[in-house]
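Below is one structure, written out as structure tokens; comments come after it.
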Amino acid sequence: MNPVESPLRSQVSRADFFARVGYSTVWEDERVIDEALEPRASETALSITSGGDLSLQLALTCERVVSLDFNPRQTWLLELKRAAVLTLDHDQLWELVGLAPSAHRRQLYERARELLSEDARRYWDERPGEVDAGVLRCGKQDRYLQWIGRVLTLLQRPGTIREYFAIRQIDEQQRFFDDRWNGRLWRFLGAVLFGRTFLDFFFHKDHFRYARQDQHPGPAMRAQADRTLRDVPVWSNFYLHWLFFGTYRDRESCPAWLRESQFDRLKLRLARLEIHTAELEQFIFGLPASSVDVFNFSNIFDWVSQETFTGLMREVIRVARPGARLCYWTNVVNTRRELGSCGFPELEERAGLGQTLHRESRTPGYSSCTVGRVRKPA
Ligand SMILES: C[S@@+](CC[C@H](N)C(=O)[O-])C[C@H]1O[C@@H](n2cnc3c(N)ncnc32)[C@H](O)[C@@H]1O
């Protein structure tokens, strides 16, 4: 797609955080795809790449998926995931990305490498250590999350963690959390792990550019962590499993694109996935009118001003097909960009659905999930 004249620019794309892979897995509950975006076989999706998982999931259904990120490293990671699916078998895919032990990740990478662009090849060739470790571990956020998992395992003790993950009933899980987990140690850890010092070390201050100034992020993050650990069934929470064990329970309890049952289908459908490196603020102006049915925006509006948000929503309405669905998250410390704040009658919020998805989300870290629909004449 050619660059186009656009009145908008991202305010954070040049931040230090984006000088490397920020996210090697997507940490937004993938249920949002089926339950809020409801993709159909004949439809086109526009999806923020991030770790690539949700763009790959959309490719399992949609006719066309346009995946977009301003950080080229996220593009190269998604290219590698796509190449791995296309060139390897399912066991080898799990080995290459770091979910199963492997003594020959470099050889597996060599096979996938054939399908990479020049830029992606150069990037991964220069990072043999990240390939050897398994690329799902390379994201800055992923390192932070898995580091938390290691610290907690050490302090709560491995046996306690194993016991917790074996629980299948929610009331038992809540009792376990109240009696065994939520002690002084956890409260102390919460203050440290979710304190500004740690967050600023692992993330970039631009993450908090539009953060509510009246509030330290710690208590809100702690409350989200408590909700996830206590009230969301741990047995089906593959996100938490990955955080603590660095892999998934089995070949089905994992993001959709990694499931064994989806593997052959995904291989056949990857030609539908187009990967672009660009700011949404620029890219969306180049899309034809009435061409997109599904918008997965991750939580990118945490990093835009109200003015930019309104400008982007105007474009969303232009490029949306009638009845298009959209979704975005808000980070726990950020101010939600209200869909209604733009004053466009075409944007209809599905508040109840957004609240349910947020309340039941298997990942902590967000203060809301916004789901909407675009009403315009056919
Ligand atoms: C918003 S971040 C959040 C990640 C998410 N919470 C997760 O864990 O998966 C996801 C991606 O959005 C990209 N991004 C942020 N703002 C963007 C923009 N305006 N245009 C294109 N990509 C953007 C970042 O580079 C990043 O890879």
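Using only DSSP helix segments of four residues or longer, with each worth -39500 (n - 2.57), what per-residue ellipticity at 222 nm results for the chain after dividing by its residue count and rounding to 500?
Numbers: 17 runs with 163 residues, N = 378.
About -12500 deg cm²/dmol.
With both partners inside the chain, how many of the DSSP beta bridges are antiparallel, as a percent to the nearest 5? Mind showing how you got there, number by number?
Values: 11 of 28 bridges.
Expressed as a percentage, antiparallel bridges in the chain total about 40.
Return the FRET efficiency for the residue pair residue 356, residue 107: r is the Cβ-Cβ distance, R0 is 51 Å, and the value is rounded to the nearest 0.05. Intermediate results must be reported in sequence, preceding the final value.
On the way: r = 45 Å, r/R0 = 0.89.
Working from the Cβ atoms, E equals 0.65.
Measure off, as a whole percent, the carbon and sulfur share of the 1.4 Å-probe accessible area of the chain, all protein chains present.
Details: 7930 of 15770 Å².
After summing per-atom areas, the C and S share lands at 50 percent.
When only C-alpha pairs under 8 Å and at least 6 residues apart count, what is the relative contact order of the range 266-378, in percent?
Reported as a whole number, the value is 28 percent.
Cα centroid distance between the range 321-378 and the range 134-179, in Å?
29 Å
How big is the charge dipole of the chain about its Cα centre, in debye rounded to the nearest 20, if each Lys and Arg gets +1 on its Cβ and each Asp and Glu gets -1 on its Cβ? Spell out each step's value before the answer.
Working: 53 positive and 51 negative charges, 120 e Å.
The calculation lands at about 580 debye.
Need one number: nm distance between label points at residue 172 and residue 157, each 7 Å from Cα along Cα→Cβ, rounded to one decimal.
2.0 nm
For the full complex of protein chains and a 1.4 angstrom probe, list 313, 221 by accessible area with the highest value first. Present the calculation step by step, with values, prior to reporting the outcome.
On the way: 313 0, 221 35 Å².
Correct descending sequence by accessible area is 221, 313.
Through the Karplus equation 6.51 cos²θ - 1.76 cosθ + 1.60, θ set to phi - 60°, convert the phi angles of the range 137-151 into ³J(HN,Hα) values in whole Hz; use x for Gly and Pro.
9, 7, x, 5, 5, 5, 5, 4, 5, 6, 5, 4, x, 5, 4
Roughly how many Å is it from the Cα centre of the range 89-109 to that of the range 222-236, as a whole number?
Here the answer is 31 Å between Cα centres.
Grab the other residues whose beta carbon is less than 10 angstrom from that of residue 258, score K and R as +1, D and E as -1, and report the net. Intermediate results must be reported in sequence, preceding the final value.
On the way: positive: 81, 251, 259; negative: 53, 252, 260.
That sum, taken over residues with Cβ under 10 Å, equals 0.
Rolling a 1.4 angstrom probe over the protein heavy atoms, how many square angstrom per residue are accessible across the chain?
Counting only protein heavy atoms, the per-residue value for the chain is 42 Å².
If you count only protein heavy atoms and use a 1.4 Å probe, how large is the accessible surface of residue 31, to the nearest 10 Å²?
80 Å²
Using only the alpha carbons, work out the radius of gyration and Dmax of the range 83-188 in angstrom.
Just the Cα atoms of the range 83-188 yield Rg and Dmax of 18.9, 54 Å.
Report the one residue of 335, 364, 271 whose Cα lies farthest in the direction of the positive end of the charge dipole of the range 226-378 (charges on C-beta: Lys and Arg +1, Asp and Glu -1; origin at the Cα centre).
271
Given R₀ = 45 Å, what would the calculated FRET efficiency be for residue 314 paired with residue 147, taking r from the Cβ atoms and rounding to 0.05?
On the way: r = 41 Å, r/R0 = 0.91.
Taking R0 as 45 Å, the efficiency between residue 314 and residue 147 is 0.65.
Considering only the other residues whose Cβ falls under 13 Å of the Cβ of residue 246, what net charge follows from Lys and Arg at +1 and Asp and Glu at -1?
Details: positive: 137, 143, 150, 249; negative: 142.
Every neighbour counted, the sum reads +3.
Hey, what do the phi angles of the range 43-54 turn into as Karplus ³J(HN,Hα) couplings, whole Hz, using 6.51/-1.76/1.60 and θ = phi - 60°, x for Gly and Pro?
Per residue, the Karplus-derived 3J(HN,Hα) values read 9, 10, 10, 10, 9, 5, 5, 6, x, x, 4, 6 Hz.
Using a cut-off of under 19 Å, list every residue of the range 116-154 whose amide N is near the label point 7 Å from the Cα of residue 263 along the Cα-to-beta-carbon line.
134-136, by backbone N distance to the label point.
Hull surface divided by four, with the convex hull built on the Cα atoms of the chain: how many nm²? Numbers along the way, then the final one.
Working: hull surface 73.2 nm².
Over all viewing directions, the chain projects a mean Cα-hull area of 18.3 nm².
Work out, step by step, the length gained on full extension between residue 180 and residue 321: first 0.36 nm times the residue separation, then minus their alpha carbon distance; give nm to one decimal. Each step should come with its number before you reach the end.
On the way: separation 141, 0.36 × 141 = 50.76 nm, distance 5.09 nm.
Full extension of this stretch gives 45.7 nm more.
What full-extension length gain, to one decimal in nm, is calculated for residue 338 and residue 236 as 0.36 nm per residue of separation minus the Cα-Cα distance?
Extra length available between residue 338 and residue 236 comes to 33.6 nm.
The values are calculated or read from the model by the stated rules, or taken from the named source; none is laboratory data. If you're wondering where the values come from, they're calculated on a predicted model, not measured in any experiment. Here the Cβ is made from the backbone with ideal geometry for all residues, glycine too, and neighbour counts use every protein chain on show. To get the accessible areas, we keep the full protein, side chains included, count just its heavy atoms, and leave off ligands, DNA and RNA. Shrake-Rupley method; radii C 1.70, N 1.55, O 1.52, S 1.80 Å.
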